[in-house]
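Asks: Dropping a structure here in structure tokens format, bear with me for questions.
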Amino acid sequence: MDFSSLEKYLLQCLNMSLDADSSETSYTNSFTVKIEEKGFKWIPRMPTTLLINADLYQKIYEIANIALYPEYTLLKENSAYVVPENLEDIHIERALFFPWKKGIPQRIKFKNLLENISNTNNQDIIPLMKNLILDYNKVTSMAIAGNSGSGKSYFLTYLLTLLNSFSDLIIVDPKMDSPARWAREFEVKALFPLSNRSKSDFISQINDELSLALNIIYQRQRQLYANPHLTFKNYTIVIDEVLALTEGVNKSIKGAFYALLTQIALMGRATNVHLILVSQRFDHNTIPVSVREQLNVLIQLGNINAKTTQFLFPDFEPSGIVIPPGKGTGLIQIIDDIHPYQVQPFLAPTYNLEGVTI
Ligand SMILES: Nc1ncnc2c1ncn2[C@@H]1O[C@H](COP(=O)(O)OP(=O)(O)OP(=O)(O)O)[C@@H](O)[C@H]1O
């Protein structure tokens with residue numbers, strides 16, 4: 001569809017549903033739509049009886065996002081995105097802008113993940129969807145949340161298998177589940193509770209490991225001070241079931257755990273030390289807010305609603321966003337200097353790990 005047909009179609013959709021009881025339509029010259037490469041503009045003619053605010057922006061978003069599916073996916077803003085327009089006429093000097101991505105998010109499928117990894121030399125790159133790759137050097141910390149059965153472990157196994165080719169890995173698995181089995185299969189260091197030790201003992205053991213990571217950060221900082229062009233091998237600490245880990249644990253040990261997590265999240269960036277945190281849910285009791293603020297890849301799988309997204313995406317309101325059905329689907333936000341910063345629908349890759357039993 002060319003831009004002018006698309007413009008007409010979008011105007012029709014908005015005329016029909018924007019304000020059914022009002023006379024404010026494009027036929028009465030109340031507003032118009034302009035299509036651009038990176039999105040469309042909704043341009044009101046002032047004065048208008050339409051109250052132009054975040055609610056109206058959200059309403060246009062909801063109408064247009066479905067109307068444009070699957071040709072375009074609108075990127076969801078947290079508030080009205082106002083841009084200047086037609087600077088010579090005060091009646092039409094402003095527009096609401098709706099940025100988009102062409103097409104809809106599509107899942108990647110790997111017939112044989114290990115073969116695929118050995119055939120590519122795309123170091124430090126993690127394919128997430130068709131048209132969405134993550135440069136691991138551009139991000140530090142990642143959180144994956146989702147209700148039981150939503151596909152967290154499946155996606156984590158995918159990440160671990162890829163990361164193993166370009167990052168040192170330490171895995172913490174309080175439930176001694178698939179990450180621990182993956183670690184055994186791929187001969188990677190894993191920490192899990194021993195049967196004759198208390199939970200606080202286990203957290204102390206994790207704290208020792210986190211202190212080691214912090215020392216690596218300090219050493220690398222000193223090396224960078226001497227030579228700012230140095231690059232380091234990625235070092236990733238993966239912690240599964242963070243919520244289960246810290247519940248009912250001695251306060252001081254938990255305090256030390258939080259302090260270490262915060263320091264690694266804050267200082268890991270320049271030194272390629274990463275955190276990957278996985279939990280059924282994240283809230284103020286699962287990780288400190290200062291760690292939350294440092295997360296730059298946020299993934300929520302499974303049930304998506306205002307409640308489940310509250311902590312990871314505090315300003316985000318999920319109505320109107322099209323979440324694809326199926327396993328391993330949800331939302332993703334990548335905060336680097338490459339991707340749009342908005343929260344987007346996500347479909348985790350599907351893969352086979354030939355010859356590996358986890
Ligand atoms: N991206 C995906 N593609 C295909 N199948 C998937 C995908 N994600 C999940 N599944 C299927 O869904 C099943 C359940 O997922 P998984 O065990 O990862 O959920 P979970 O969130 O870790 O649950 P729990 O918290 O109970 O461990 C997987 O065994 C797998 O068969």
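Asks: When the range 291-318 is examined, which residues are found to be open to solvent by 40 Å² or more (accessible area, probe 1.4 Å) and more than 16 Å from the ligand (Cβ to nearest atom)?
Replies: Residues satisfying the conditions are Glu293, Gln294, Asn305, Ala306, Lys307, Gln310, Pro314, Asp315, Glu317.
Asks: Filter the range 105-125 for residues that are assigned to a helix (DSSP H, G or I) and either more than 22 Å from Val356 (Cα to Cα) or out of contact with any strand residue (DSSP E or B) (no Cβ under 8 Å at 6 or more places or on another chain) (or both) and give the result.
Replies: The initial filter retains those residues of the range 105-125 that are assigned to a helix (DSSP H, G or I), namely 113-119.
Matches in the range 105-125: Leu114, Glu115, Ile117, Ser118, Asn119.
Asks: Residues in the range 231-245: is at least one assigned by TED's automatic domain parsing to the domain that holds Lys189 and without any contact (Cβ under 8 Å) to a residue 40 or more places away in the chain? Show your work before the answer.
Replies: Taking the range 231-245 as the starting set, the residues that turn out to be assigned by TED's automatic domain parsing to the domain that holds Lys189 are 231-245.
Those left that are additionally without any contact (Cβ under 8 Å) to a residue 40 or more places away in the chain: none.
No, the conditions are met nowhere in the range 231-245.
Asks: Okay, next question. Report whether or not Ile171 is closer than 18 Å to Leu275 by Cβ and within 15 Å of the ligand (Cβ to nearest atom).
Replies: Numbers: closer than 18 Å to Leu275 by Cβ: yes; within 15 Å of the ligand (Cβ to nearest atom): yes.
It is true that Ile171 is closer than 18 Å to Leu275 by Cβ and within 15 Å of the ligand (Cβ to nearest atom).
Asks: Could you tell me whether Asn86 is more than 16 Å from the ligand (Cβ to nearest atom), open to solvent by 20 Å² or more (accessible area, probe 1.4 Å), among the polar types (S, T, N, Q) and assigned by TED's automatic domain parsing to the domain that holds Glu37? Before you say what the answer is, go through the steps one by one.
Replies: Working: more than 16 Å from the ligand (Cβ to nearest atom): yes; open to solvent by 20 Å² or more (accessible area, probe 1.4 Å): yes; among the polar types (S, T, N, Q): yes; assigned by TED's automatic domain parsing to the domain that holds Glu37: yes.
For Asn86, the condition - more than 16 Å from the ligand (Cβ to nearest atom), open to solvent by 20 Å² or more (accessible area, probe 1.4 Å), among the polar types (S, T, N, Q) and assigned by TED's automatic domain parsing to the domain that holds Glu37 - is met.
Asks: What residue, of Leu156, Leu160, Leu128, is assigned to a strand (DSSP E or B), modelled with pLDDT of 95 or more, in contact with a strand residue (DSSP E or B) (Cβ under 9 Å, 6 or more places away or on another chain) and of a type in the set (A, V, I, L, M)? Lay out the reasoning, then the answer.
Replies: Details: Leu156 fails: assigned to a strand (DSSP E or B); Leu160 fails: assigned to a strand (DSSP E or B).
So the residue among Leu156, Leu160, Leu128 that is assigned to a strand (DSSP E or B), modelled with pLDDT of 95 or more, in contact with a strand residue (DSSP E or B) (Cβ under 9 Å, 6 or more places away or on another chain) and of a type in the set (A, V, I, L, M) is Leu128.
Asks: Any chance the range 181-200 includes a residue that's within 13 Å of the ligand (Cβ to nearest atom), open to solvent by 10 Å² or more (accessible area, probe 1.4 Å) and at pLDDT 95 or above?
Replies: Within the range 181-200, the subset within 13 Å of the ligand (Cβ to nearest atom) is 181-182.
Going one step further and asking which of them are open to solvent by 10 Å² or more (accessible area, probe 1.4 Å), we end up with 181.
So of that shortlist, the ones also at pLDDT 95 or above come out as 181.
Yes, the range 181-200 contains a residue that is within 13 Å of the ligand (Cβ to nearest atom), open to solvent by 10 Å² or more (accessible area, probe 1.4 Å) and at pLDDT 95 or above.
Asks: Condition test on Asn78, is it open to solvent by 60 Å² or more (accessible area, probe 1.4 Å), under 28 Å from Met129 (Cβ atoms) and modelled with pLDDT under 95?
Replies: On the way: open to solvent by 60 Å² or more (accessible area, probe 1.4 Å): yes; under 28 Å from Met129 (Cβ atoms): yes; modelled with pLDDT under 95: yes.
Here the answer is yes, as Asn78 does meet what is asked.
Asks: Could you identify the single residue in Thr48, Thr73 that is in contact (Cβ under 8 Å) with a residue 24 or more places away in the chain, outside any loop (DSSP other than H, G, I, E, B) and not assigned by TED's automatic domain parsing to the domain that holds His339?
Replies: Values: Thr48 fails: outside any loop (DSSP other than H, G, I, E, B).
Answer to the check: Thr73.
Asks: A further question on this structure: Whether any residue in the range 206-218 is within 16 Å of the chain's Cα centre (by Cα) and either away from the ligand (no atom under 15 Å from the Cβ) or surrounded by 15 or more Cβ atoms within 10 Å (Cβ to Cβ) (or both) is what I want to check.
Replies: Looking only at the range 206-218, we keep the residues that are within 16 Å of the chain's Cα centre (by Cα), and these are none.
Checked against the condition, which is being within 16 Å of the chain's Cα centre (by Cα) and either away from the ligand (no atom under 15 Å from the Cβ) or surrounded by 15 or more Cβ atoms within 10 Å (Cβ to Cβ) (or both), the range 206-218 yields no hits at all.
Asks: Would the range 164-171 turn up any residue that is over 22 Å from Val242 (Cα atoms) and either assigned to a strand (DSSP E or B) or not hydrophobic (A, V, I, L, M, F, W, C) (or both)? Step through it out loud before you land on a result.
Replies: Going through the range 164-171, the residues over 22 Å from Val242 (Cα atoms) turn out to be 165-166.
Then drop every residue that is not either assigned to a strand (DSSP E or B) or not hydrophobic (A, V, I, L, M, F, W, C) (or both), which leaves 165.
Yes, that holds for at least one residue.
Asks: Which of the residues that make up the range 95-109 are farther than 17 Å from Pro340 by Cβ and surrounded by fewer than 18 Cβ atoms within 10 Å (Cβ to Cβ)?
Replies: Those that are farther than 17 Å from Pro340 by Cβ and surrounded by fewer than 18 Cβ atoms within 10 Å (Cβ to Cβ): Arg107, Lys109.
The values are calculated or read from the model by the stated rules, or taken from the named source; none is laboratory data. This one's a predicted model, so the numbers in the text were calculated from it and none came from an experiment. We place every Cβ from the backbone using ideal geometry, glycine too, and count neighbours over all the protein chains shown. These area figures cover heavy atoms from the full protein model, side chains too; ligands, DNA and RNA do not enter into them. Shrake-Rupley method; radii C 1.70, N 1.55, O 1.52, S 1.80 Å.
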